[in-house]
Every structure is written in structure tokens, then in C-alpha cells.
Amino acid sequence: MKTVLSYLAAAVALSAIAFLLGAYQTDVYRKLLLWIALAISYNFLFGISGQIAFSHFSFYGIGAYTIVILITQAGLPLPLAVLATVAVCVALALVVAIPATRLEGFYLALATLAFAQLFIVVLNEGGSITGGTGGLASYRLPEILGVRVAGPWYTVVIVVLMLATLAIVGRLDRSWFGRACRAVRDNPEAAAAMGVNVRRTKIIAYTITSALAGVAGMVYAFVDNTVNPHIFGLENAFLLLFMVIVGGSGRMAGAILGAVLLYVMPFVLSPLIGHHHALVFGIFMVLAVLFQPRGLIGLWDRWQRRRRQPPAPRPQIAKGEAVKREGLA
Amino acid sequence: MTAAAPLLQVRGLCKRFGGLHAVSDLDLDVRAGEVLGVIGPNGAGKTTTFNMIAGAFEPTSGDIVFDGESLAGVPTHGFAPRGIVRTFQHNKSFDSLSVCENVMVGMHTRMPASLWQVLAGTPASHRAEREARRRAEELVDFVGLAEFAQAEVSTLSFGQGRLLEIARGLAARPRLMLFDEPAAGLAPGECARLEEIIRGISRQGIAVLLIEHDVRFLMALADRVAVLNFGRKIADGTPEAVQADPAVIEAYLGNVENLAHA
Amino acid sequence: MSDFLELIVSAAASGCVYGLVALAYLLITRPTGIINFGVGEWATVAAFGAYVALSRVELPYALSIALVAALMLAVGWLTERLTVRPLVVRGAPPLAPVLALLGMLVVVRELVSLGFGPDPQPVPPAFGFGRLELGPLAGSYQSFFIIAVAAVVFASAWYFFERTLAGKSFEAVALDRRAAALMGINLSRVTALSFAAGAVVAGLAGLLVAPNVSAHYLMGMPLAIQGFTALVIGGASRVEGALLGGLILAVAEQFTVRYAPVPPGLAMGVPLVLLIVFLLVRPAGLLRPREARA
């Protein structure tokens, strides 16, 4: 009951903000919420399930393109289009998950990298269906029962999406399934010995997180009211990875922190770097890996621990042992 | 021990790796509440046998029957749900989880909440979580790691990590527990505690199969001993009978003294 | 028929470029196990270096290559020193350097974009824009130049790994780091050298391909993917595999564009599809690792 109340409170607070913002700020806020949602689901895939995948943002694109195509070209009414898009996202996620989860580590990274590029190629060559290199525009969110959800009310939709993603991923994380995912990541042999079906666990993790990305994409489609291949390129796939690492891989709070920081950073630094945002992202990424592999959330943790108990005199431990604990989660 | 049918029946087990016959024509029985020790010189095929019984790989031929059901074709993750649980000689723990959470992974096959229930956040799933945590803490306590329950696994010593392996295995409610050289790397004091724990497990009616190099440790603990050499069983009986068996003595290349100090 | 032969030459040249990128990966991955997705960005740096040396300052070609090679040596060494060495020394998990290098990839690309702007810059070919006819084969001077250079590089690499003691030590590190260290092989020197060498080879690829595609800050990633595909096809265990994979990829690519009824844009998908197929079906590549010799 307590958690339901806190979610409700968060929903109200975050939605209230929506009504106080001007047009430009609304756009910034909406995209921030979407990035947070993406970072949360990606963090489960990469940080908790340990699958190095670059396909996440492509599923975002699949969700966006699918709903636009269904509404503008198939002429489906909104509720049906939404259901169909969710179904397509889940189905496609499953179809990709099955071969993808046969691959480990770098091979998986590579295959998903290729998948992401292939998605762009397909979009570019999709003719009138995908709108080619220019993409699709000039559409709007259809009315339901004579009402068009727009303005701050649409922002509320995005708030709900973000909180729902948080709730779903949070529940998975704190359950036997989250433990199973971590077990598979840490030691698949031991996990299998404990009865964990390694393959199936990875497939489920990949499918659920990719489908969540797709649903976020579906909502995104009506934020800019335009979709084109450039938006869903590798740039953003890397950025998502950087957000999760800089914030703290494996921790939801870390993902949120990373998303907020890296999203806000370009606005703050724009007088200095113009639109070379990616430079900052790259630098942050390298700094994080080199100096704070646990992510910024690791700094927070350390500060919390120090607050709770004064540091006890540490026994002399070998240097190697001490630093071994500081690895990436 | 009662004359009940053996819980685990291994018949004619063979494993070939290319031209190498690692295990040939092996028969083993383990009964509930009994400790079967398997020993043999290096290269005798103990580890290969162990891994086949644990489901790590398929035998070339022969049959492993557990509680009347053949285990042929069962994948590795199908063994724990059937009640066959193993430990690893080189402590394979889940480093990103706490000690308690490691044990909870052992309960994976016994968690009553389905994924849908988890997603919906039903009270039943919350209850299952609390129950699992409580039971994990009990098991951590049973093996003597209570003070480390919430600690990071990396802070445990090797011997403590071994205890964690056992607690995690017990969490799966095994009917047959397989110990892979459990005494390896342990100090004498830790060995004594290990012996106590394994006895305790056996007393609960769980069948135990353990392979060990430390012959003294094994002879003191086992109800029956099987001796392997060059992939074949050369002796099978009580510890006293096996120690006096001339074939066993010859396999260890020496006299009884060598055997006792091996 | 002459059309076909010309395609062969052109494909061979492209294949050599892909092979060089694959070799760059190999030089780093074999001894260190680290995958550097940023080899494409190294190629980009070299391409712009060539642009500056040849188009802006207008130095002679041989001198320009030498300068660019020196530049890449420095870049490779610096990359290793700054982003990889601290991690390896700390005993960080193997994923860490890969992630750091991914960050560097983005940094390098943005620096190039900052320095040279978003427009493609011309890089002149080694011997001008003429065509050469060698018997039945015909192609641009640049194509033959690329093939010649690649042949020299691959022959040298093969010789180095197969016949020299230093090369064998690289191999030793690849097989077992700890044993190699115990034998007295200086691990950090091998790592630094492998990065430097990888950078030079990747740079060479960039410099050779730049006349055809122009130096552009986005040229890195497609090249990196093509190189990686070549590596996967040929097999990541042998130097020859890199070249073989590159040639197969280039032939598949160019013959698809020329003869298959597929729009040219979709032809960009050929390396991607090939990569995915190979990863799923035959990740070890076509050439088996060499068996241990007695």
C-alpha cells in the first residue's frame, strides 16, 4: 500500500510540473522523462542481466514508426493501434531475443550493433512506408471519443509511462527473476546448477526490456510529431550506454541519475561546446570508467555509508584485493 | 540403513572424450540418508563421474536413474528441480549479490510466485519474497555465517565461501546433495565444521555423494566408499573393507600408511 | 567480362582496406583480449591527417604517409597509456577497457568534427586519378596501390608473427598472459606496442580509402563495422583470416550492388546481414586457429 501511495504522489508531483511549463520547457521535460524511462529499462538489460546490447534504441524506433504507420497508413483507430504496436514490439523483441541470447559478450554487442545499423538501412530504403531518409511527419495524435490528448495532458501520459516502466522493472529487479538475471550474469554455470534456465532467463529479460523501449517509442512518436532515421541512430544507443555507466550500472537510481545528468549537461554547457554534446558524453564516459566504475551512485553510496558509521580502522589488505572490489557491477 | 531401493542408481556409466575413456562401465548406488564417498588417484575419473551425475554433461552411454526416473537428456538446469544439487570445488558464487541473496538463488526452483504475479506485485509474491528471505537467513545461520548475512561475497574467506556454497545448495531442498571436493583448501578447523555439517545433512535423510582427495576426511565421514581407478570402480564397501582391499592399496601405489596419509 | 574483371580489382582493393581494419582489431585483441571499436575513428584521424598533409600543406606523398604513420603511432600509444593501462594495472574487469575505448571513440569523432567541420574533405590518391591495365585486369592506380600496400603489410605481419621471436611473444601473450609474464615478457610493452601497431594499420586503411570516400568525421563507424565483419568471417585467430574475410566481404558487397536487383542503399545492409549470419552460424570464422606445433 505504501508503494502505491508513493507512486501516486510521484505521479501527481511530476504531472503538476507539466502544467507549469512553457512550450520549450515542456519539450525538454518530456524528453527527459522518456530518456529516464529508456535508461531504466536499458539498465535492467545491460546492468542487471549483463547483456551488452545496442539494439535498445532501435526498439524505441520500432515502436515509434509502428504506431505512426498504423495510424497514418493502416488507418487504425488509436486504441487498436496502441494494442497492435505493443503486440508488434513484444513479438519483434522475442524474435530478436531468441538468436541474440545465443551470443555472449562482444559477439552480442556486435550483432546488436549490426541490427541497429540494419534498422536504419531498412528505414532509409522503406520507400513510402517509412518515408525513406526524410521519415514521416505531418501526423498528429488522433482523437479518442472526440478528445485529443495534448499539451500538459500528454506530458501526464509520459509521466505515467515513466512510472510504469519504473514499477515494472523495479518489481522484476527485487524478485527471484532479478536475482536469477544477476546470477546468470555473474556465473551462468552455478546458476544452471541452481535450476536457473539460463537461456530462458536471458530471453525474457531481453524481450521485456526491448518491448518496454518500444512502448516508450510509441509514446515518443507524438512528442515531436516526426520520426526519421537520424533520430534512432547509433549516436543515441551509445548515449544510453553512457548514461547507465556514468550513473551507475546495475542500479535503478544510477540509471535515473545518469539519464538526468547526461541529458541536462548539454543545456548547461552549450555556451561552451555548442552542439558538440557528444564530446562531453564521451569524456564523462571515459572519466567514469577510469575513476568511478561504480558510477555516480557509487559516490552517493559511499557518502551514505560514511554518514552512518565512522570509518573503522581498516586491516592491511593487499592492494590487488582492495581494488578488485571496485569493478564494474 | 534400511533396505529401501537406492535413490540414485548409476548403471554402466561411460564417458569418452575422443579416444580417452575417462569413465568405463561404472555402477553406483546412493540411498537416502547415506553418505557415499568416491575416491581414487588423480585421473581416476571421479570428477567426470561427478559432473555426469550433476548434469554438467551427458554420459557417452549408461544410465543415471534418480528416484525411478532416468536423467538421460535432462538439461543442467533440470537437475535442481528434481532434487539433485551440487557444490563447486572452486566456490562459484554470485559476486554482485549479498551472502543472503546468494542463498536465495538456491531457492529459484521453489519460488511459488510466477513472473506474472511478480509483475502485478500481488501480496502472494511479496509473501513468497519474505518467506524466501527468512529461510535464507536460517540456512546462513545453520552453516555458521550469520554475521555475514548481508555482507558482500567478496569479503568472505575461501572456507566461508565453501559454507555459502553449502547453504545455497540446501536452499534448493535437495534429496541428493553432491559435494565436489568440499575439504579442498580448508584449514583443519574448517574441515571439522564441514564434517559436522555434512553429517547433519545426512541425518535429515538427504542422500550425499562426495568426491574427495583427502582420504582421511572421507573415510571418517562416509558410510560407504567407492574407489575408482582409470575410470573403473575397483572397490565398493565400508571404509574399513575398502582400506584393507589389496586392489585399492595397489592403486594408491603403496601400503596402508600411504593410504592413510594420502 | 572486362566489366567483371574490373569489379574484381575494385573489390580486391576494398577487401584489402577491410582486411587492414580487421588486422588492426586483431593486433590489439590477440595479445590483450580488448576489443577496440574505435579503430574506425583511428582511420578517420589518419584520413584527416592525410588531408592536411596532402591537400593543405601539399607535402610529397611518401613524406605524408610517414608523418601520418608517426601520428598514428602516437595516437595509439597515447590511447593505451591514458585509457587502457590504468585499468589493466588496477585489475579491472575485461569489459572496462572496452567501455573506456567506446567513450574515446566518441571523443575522437567529436574532436575531428570540431576541428574540421561536418563537410567531407578531399584526399588526393597516391598516383593521381589514372587507370592502369595489368594484363586482363584493369583498375584505378589507387586500387592497385591499395592492393600493393596491403600485400606488404600482411606479408610483414605474417612474417612477424610466424618467424620472429618478438612475434612469438605476442602470440604467447595471446595464449596465456600469466605464463608469458612469468617467462619475462613485458606485458605492458606488448600492450602498448599492439595499440600503436593497431593504430598505424587502421590509419593506413583510412589513408588508403580516403581518396574514394573523402575524409569525413562520420566515416569511422561503417569502416569499423566492415572491418569487424571481415574479422568474424575470416576468423579472429589468424592474420590471413583478416585478409580473407575482407576480400569475401568486399566481393559479396560489390557483386550484390552490381548484379543483384537490389537498390544501392540496401547494399549497405550486406555487411550487416553477413555479420549477423556469421555470428549466429559460424562465429569462429572460416579459418581455424593454428594447431599447436610440437
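Remarks
- Filter result for A:Glu125 (of a type outside the set (Ser, Thr, Tyr) and within 21 Å of A:His230 (Cα to Cα)): yes
- Of the residues making up the stretch A:179-217, those that are polar (S, T, N, Q) and under 23 Å from A:Cys89 (Cα atoms) are A:Thr201, A:Thr207, A:Thr209, A:Ser210.
- Any hit, the stretch A:2-25, residues being assigned to a helix (DSSP H, G or I), within 12 Å of A:Leu161 (Cα to Cα) and among the charged types (D, E, K, R): no
- Cβ separations smaller than 8 Å between residues 6+ apart or across chains give no pair from the stretch A:229-247 residues that are outside the structural domain of A:Phe284 (by TED's automatic domain parsing) to residues that are part of a helix (DSSP H, G or I) and among the acidic types (Asp, Glu).
- Residues of the stretch B:134-149 classified as under 13 Å from B:Leu97 (Cβ atoms) and either basic (Lys, Arg) or part of a loop (DSSP other than H, G, I, E, B) (or both), total: 1
- Residue count for the stretch A:262-278 satisfying the condition of being part of a helix (DSSP H, G or I) and more than 21 Å from the chain's Cα centre (by Cα): 6.
- Exclusive hit being at the interface with another protein chain (Cβ under 10 Å from one of its Cβ atoms) and either touching a helix residue (DSSP H, G or I) at 6+ places or on another chain (Cβ under 8 Å) or in a helix (DSSP H, G or I) (or both), set C:Leu78, C:Leu87: C:Leu87
- In the stretch B:104-122, residue surrounded by the most Cβ atoms within 10 Å (Cβ to Cβ) [restricted to those that are in a helix (DSSP H, G or I) and within 7 Å of chain A (Cβ to nearest Cβ)]: B:Gly106
- The listed residue being surrounded by fewer than 20 Cβ atoms within 10 Å (Cβ to Cβ), over 30 Å from B:Leu97 (Cβ atoms) and out of contact with any Asp or Glu (no Cβ under 7 Å at 6 or more places or on another chain), out of A:Leu272, A:Leu261: A:Leu272
- For the stretch B:192-214, the set of residues classified as within 27 Å of B:Ala251 (Cα to Cα) and buried (at least 21 other Cβ atoms within 10 Å of the Cβ) consists of B:Val208, B:Leu209, B:Leu210, B:Ile211, B:Glu212, listed by residue number.
- The stretch C:52-63, residues that are surrounded by fewer than 24 Cβ atoms within 10 Å (Cβ to Cβ) and either within 26 Å of C:Leu27 (Cβ to Cβ) or touching a Gly at 6+ places or on another chain (Cβ under 9 Å) (or both): C:Val52, C:Ala53, C:Tyr61, C:Ala62, C:Leu63
- Among the candidates A:Arg148, A:Arg140, residue that is farther than 27 Å from A:Ala116 by Cα and either at the interface with chain B (Cβ under 10 Å from one of its Cβ atoms) or modelled with pLDDT under 95 (or both): A:Arg148
- Looking across the stretch A:236-252 at every residue that is within 12 Å of chain C (Cβ to nearest Cβ) and small (Gly, Ala, Ser), the one that is surrounded by the fewest Cβ atoms within 10 Å (Cβ to Cβ) is identified as A:Ala237.
- Residue in the stretch B:63-76 that is surrounded by fewer than 22 Cβ atoms within 10 Å (Cβ to Cβ) and under 15 Å from B:Arg16 (Cα atoms) present: yes
- The combined condition, being over 24 Å from C:Val108 (Cα atoms) and not basic (Lys, Arg), is not fulfilled by A:Asn236.
- In the stretch C:5-28, of all residues being within 15 Å of C:Thr229 (Cα to Cα) and of a type in the set (Ser, Thr, Tyr), the one that is modelled with the highest pLDDT corresponds to C:Tyr18.
- Within the stretch C:205-245, being within 14 Å of another protein chain (Cβ to nearest Cβ), β-branched (Val, Ile, Thr) and within 16 Å of C:Val39 (Cβ to Cβ) holds for C:Ile225, C:Thr229, C:Val232.
- Just one of the listed residues (A:Leu32, A:Leu38) is more than 26 Å from B:Thr122 (Cα to Cα), touching a residue at least 60 places away in the same chain (Cβ under 8 Å) and surrounded by 14 or more Cβ atoms within 10 Å (Cβ to Cβ), namely A:Leu32.
- Residue satisfying all of: in the stretch C:114-147; surrounded by fewer than 16 Cβ atoms within 10 Å (Cβ to Cβ) and within 14 Å of chain A (Cβ to nearest Cβ); nearest to C:Ile65 (Cα to Cα) among these: C:Gly115
- Scanning the stretch A:174-188 for residues that are crowded, with 21+ Cβ neighbours inside 10 Å and more than 7 Å from every other protein chain (Cβ to nearest Cβ) yields A:Gly178, A:Cys181, A:Val184, A:Arg185.
- With respect to the conditions (1) within 12 Å of chain A (Cβ to nearest Cβ); (2) closer than 13 Å to B:Asp27 by Cα, B:His90 lacks only one, and its number is (2).
- The residues on offer are C:Leu20, C:Leu7, C:Leu101, C:Leu105, and the sole one that is touching a Phe, Trp or Tyr at 6+ places or on another chain (Cβ under 9 Å), buried (at least 23 other Cβ atoms within 10 Å of the Cβ) and under 21 Å from C:Ser140 (Cβ atoms) is C:Leu20.
- Of the helices (runs of 4 or more DSSP H) contained entirely in the stretch C:194-294, those carrying at least 1 residues that are more than 22 Å from A:Asn124 (Cα to Cα) and in contact with a helix residue (DSSP H, G or I) (Cβ under 6 Å, 6 or more places away or on another chain) fall at C:220-234, C:239-259, C:269-281.
- Among helices (runs of 4 or more DSSP H) entirely within the stretch A:69-130, having at least 3 residues that are away from chain C (no Cβ under 14 Å) and β-branched (Val, Ile, Thr) singles out A:78-100.
- Residue among A:Gly63, A:Gly47 that alone is out of contact with any Phe, Trp or Tyr (no Cβ under 6 Å at 6 or more places or on another chain), at pLDDT below 95, part of a helix (DSSP H, G or I) and under 24 Å from A:Gly170 (Cβ atoms): A:Gly47
The values are calculated or read from the model by the stated rules, or taken from the named source; none is laboratory data. Source: prediction; values computed, not measured. Neighbour counts are summed over all protein chains in view; Cβ atoms, including those assigned to glycine, are modelled from backbone coordinates with ideal geometry.
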